[in-house]
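Have a look at the structure below before the remarks.
Taken together, the values in this text are just the output of simple stated rules run on the coordinates, not laboratory data. On a predicted model such as this, the values are computed, not experimentally measured, just so you know. Cβ placement follows ideal geometry from the backbone for every residue including glycine, while neighbour counts extend to all protein chains displayed.
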Amino acid sequence: MSLKEFIKNSPKTELHLHIEGTLEPELMFSLAKRNKIEIPFKNVDDVKKAYNFSNLDSFLKIYYEGAKVLIKEQDFFDLTWAYILKCKEDNIVHTEIFFDPQTHTDRGIDFDTVINGIFNAFKKAEKEFGLSFKIIMCFLRHLNEDECFKILDKALAHKDKIFGVGLDSSETGNPPKKFEKLFKKALENEFITVAHAGEEGPPEYIWEALNCLNVHRIDHGVQCLKDEKLVEILSKSQIPLTVCPLSNVKLKVFNNLGEHNLKKMLDKKLMVMVNSDDPAYFGGYLNKNLIEIQAALNLSQEEIKTLIVNSFKSSFLNEEKKKEWISKI
Ligand code: ADE
Ligand code: ZN
């Protein structure tokens with residue numbers, strides 16, 4: 001079996017995916033038409049041309065613009081269902097996705113509209129395809145903590161649907177420490193916590209996510225290699241780092257996949273795996289991320305297997321389910 005086939009055939013899990021980042025241009029246009037929303041693009045090609053980013057912030061501007069076509073519960077359902085079909089195609093058997101409620105509530109969309117649309121799509125997929133899932137609500141870190149507290153209060157009414165909380169959006173200048181009280185309250189309410197840290201931001205942000213927010217996983221974390229002591233702690237504790245190769249190149253964290261530090265992270269025995277982040281914007285879903293990073297870094301079958309196994313190990317599945325899936329790789 002070729003490595004490409006091995007990647008495609010293995011059951012997989014995905015741990016770092018923004019559901020709003022799966023909004024393909026075609027669906028963006030059809031939702032814009034359905035909801036009579038003006039978008040600043042003439043056609044699909046025009047949209048794709050705009051996906052030329054210089055850093056995280058230049059991407060976020062377009063990503064928040066695109067999300068404006070999502071209005072009704074059915075829109076959130078359709079968005080999620082389209083991603084679920086990609087999971088089927090890529091043999092993803094378990095997924096832990098992010099959603100950004102503030103991107104929508106700030107435009108006057110009800111919190112319930114957003115979460116119900118997403119949750120109902122996953123419940124249908126669970127029933128029809130056996131896909132398992134967890135939903136993680138991200139706070140937008142460029143906003144202030146008070147606004148985030150209001151969203152946390154809304155989430156409490158949906159505790160049965162939301163498994164954990166995370167932190168995303170513009171990293172530089174918005175350190176994890178800014179949200180220490182918010183995450184304390186989330187933890188008191190038994191949400192698990194994760195946070196984006198060390199995507200563009202410095203290793204200090206990873207330290208803060210660990211020490212101030214008590215996170216189970218660091219999203220991205222690729223900047224950790226700049227700090228030896230941090231690498232030692234991450235390797236010892238096996239705190240997962242949800243790495244997203246195509247995203248990192250699109251957002252100019254690395255010049256190209258050949259310069260990505262994933263192999264170095266594997267060599268340091270860090271708990272890393274591969275994810276797609278915002279695949280509609282970054283040019284590929286999970287299999288494409290795995291296939292392209294394998295080729296660029298010449299990863300062995302053993303290393304690819306480690307990445308896939310790590311993803312199951314790092315998931316919030318129970319130990320029995322983890323074992324069951326890992327035995328099938
Ligand atoms: N929101 C969506 N994708 C993101 C990323 N890669 N980093 C931070 N915030 C995001
Ligand atoms: Zn992300």
(request) Run down the aspartates and glutamates and flag those whose C-alpha is under 17 Å from the C-alpha of Lys42, throwing out any fewer than 8 positions away in its chain. (result) Glu24, Glu26, Glu65
(request) Sticking with the crude label model, points 7 Å out along Cα→Cβ, report the distance from Lys72 to Leu187 in nm, one decimal please. (result) 4.3
(request) Please order Glu96, Glu204, Glu128 by the number of other Cβ within 10 Å, starting at the fewest. (result) Glu128, Glu204, Glu96
(message) Please rank Thr80, Thr105, Thr172, fewest neighbouring Cβ atoms within 10 Å first, as an exposure proxy.
(response) Thr172, Thr105, Thr80
(request) Sticking with the crude label model, points 7 Å out along Cα→Cβ, report the distance from Asn214 to Glu324 in nm, one decimal please. (result) 3.0
(request) Would you please state the base-10 log of I(q)/I(0) at q = 0.10, 0.14, 0.15 1/Å for the chain, with intensities from the Debye formula using one equal scatterer on every alpha carbon? (result) -0.53, -1.13, -1.32
(request) Using the structure shown, select from Lys226/Lys252; Lys72/Lys124; Lys61/Lys127; Lys48/Lys288; Lys185/Lys252 the pairs with a Cα to Cα distance greater than 27 angstrom. (result) Lys61/Lys127; Lys185/Lys252
(message) I need to check one value: relative contact order of the chain, counting alpha carbon pairs closer than 8 Å and at least 6 residues apart, in percent.
(response) 20
(request) Compute the semi-axes of the equivalent ellipsoid of the stretch 162-298, taking the square root of 5 times each eigenvalue of the Cα gyration tensor, and list them largest first in whole Å. (result) 25, 17, 13
(request) Arrange the following residues from fewest to most other Cβ atoms within 10 Å of their Cβ: Val274, Val215, Val253, Val44. (result) Val44, Val253, Val215, Val274
(request) Using Cα centres only, tell me the gap between the stretch 213-260 and the stretch 56-88 in whole Å. (result) 25
(message) Taking just the alpha carbons, could you work out the radius of gyration and Dmax for the stretch 114-221, both in angstroms?
(response) 14.4, 44
(message) Can you show me the helix-derived [θ] at 222 nm for the chain, built from DSSP H runs with n ≥ 4 at -39,500 (n - 2.57) apiece and divided by the number of residues, rounded to the nearest 500.
(response) -15000 deg cm²/dmol
